[in-house]
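The values are calculated or read from the model by the stated rules, or taken from the named source; none is laboratory data. Just so it is clear, the model here is predicted, and its values are computed rather than measured. Using ideal geometry, Cβ is built from the backbone for each residue, glycine included, and neighbour counts are taken over all protein chains shown.
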Amino acid sequence: MPTVSRTFTVKPTPDVVVDYLADFTHAEEWDPGTESCTRLDSGPIQVGSRFHNESKIAGVSTELVYELVTLDADKVVLRGENDSATSTDTITVTPKDGGSEITYEAVIEAKGVGKLAEPLMKLVFERIGSETEEKMTEVLNRLAG
């Protein structure tokens, strides 16, 4: 089960970061693999909010339905699932130097025969993890003005 984790700092305060990242439609801006992400429900973003995410990773298109499973002042957890995989993204945000320190951890669990590709998936997701860190830092820092 590939796990990718990155810790980095950004300029906005934790409340701004958590509010922004809880709305997973913003993944279109900071996740290099996301081609589109649309909300499946309406109303305020809260635990139970659901999102349809279409991504292309290493040339392979995939669709997952994500649910916001945790939304705290310092943590956002989104869980995505389809027939071939489950992805759990845990984003922990703490105050640091007037901004925020973010720890982003993605755990991808393949199902069925997809488990055979997990060693290759780890390499691909490590590369994507670095690209995500770079893009998320850029996008979040713009929020700070």
Residues being in contact with a strand residue (DSSP E or B) (Cβ under 6 Å, 6 or more places away or on another chain), farther than 19 Å from ALA144 by Cβ and surrounded by fewer than 18 Cβ atoms within 10 Å (Cβ to Cβ): count how many of those fall in segment 68-80. 4
Can you run down the residue pairs with Cβ atoms below 6 Å, 6 or more apart or on separate chains, where the first is in segment 53-81 and within 19 Å of LEU21 (Cβ to Cβ) and the partner is surrounded by 15 or more Cβ atoms within 10 Å (Cβ to Cβ) and aromatic (Phe, Trp, Tyr)? ASN53/TYR66; TYR66/PHE24; TYR66/PHE51; LEU78/PHE24; LEU78/TYR66; GLY80/TYR66
On the given criteria, is THR90 at pLDDT 95 or above, closer than 20 Å to PRO12 by Cβ and either touching a Phe, Trp or Tyr at 6+ places or on another chain (Cβ under 8 Å) or of a type in the set (D, E, K, R) (or both)? yes
When the residues of segment 28-44 are narrowed to those that are in contact with a helix residue (DSSP H, G or I) (Cβ under 7 Å, 6 or more places away or on another chain) and of a type outside the set (Val, Ile, Thr), which ends up farthest from GLU131 (Cα to Cα)? ARG39
Here's a check for you: in segment 35-67, which residue that is buried (at least 18 other Cβ atoms within 10 Å of the Cβ), among the hydrophobic types (A, V, I, L, M, F, W, C) and in contact with a His (Cβ under 9 Å, 6 or more places away or on another chain) is farthest from GLU109 (Cα to Cα)? CYS37
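Go through segment 1-22 and report how many residues are within 18 Å of ASN141 (Cα to Cα) and either in a loop (DSSP other than H, G, I, E, B) or among the aromatic types (Phe, Trp, Tyr) (or both).
The initial filter retains those residues of segment 1-22 that are within 18 Å of ASN141 (Cα to Cα), namely 6-22.
Then keep just the ones that are either in a loop (DSSP other than H, G, I, E, B) or among the aromatic types (Phe, Trp, Tyr) (or both); that gives 8, 11-13, 20.
Residues meeting the conditions: 5.
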Residue check, GLY48 against (1) among the small types (Gly, Ala, Ser); (2) under 15 Å from the mean Cα position of the chain (by Cα); (3) modelled with pLDDT of 95 or more, all met but one. Which one? (2)
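Within 13 Å of the chain's Cα centre (by Cα) and modelled with pLDDT of 95 or more - does that describe any residue in segment 8-19? Working first, answer last.
The initial filter retains those residues of segment 8-19 that are within 13 Å of the chain's Cα centre (by Cα), namely 17-18.
From what is left, the residues that are modelled with pLDDT of 95 or more are 17-18.
Yes - at least one qualifying residue is present in segment 8-19.
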Which condition does THR25 not pass, out of (1) assigned to a strand (DSSP E or B); (2) closer than 21 Å to LYS135 by Cα; (3) among the β-branched types (Val, Ile, Thr), if it passes all the others? (1)
Odd one out for VAL60 among (1) modelled with pLDDT under 95; (2) in contact with a helix residue (DSSP H, G or I) (Cβ under 8 Å, 6 or more places away or on another chain): (2)
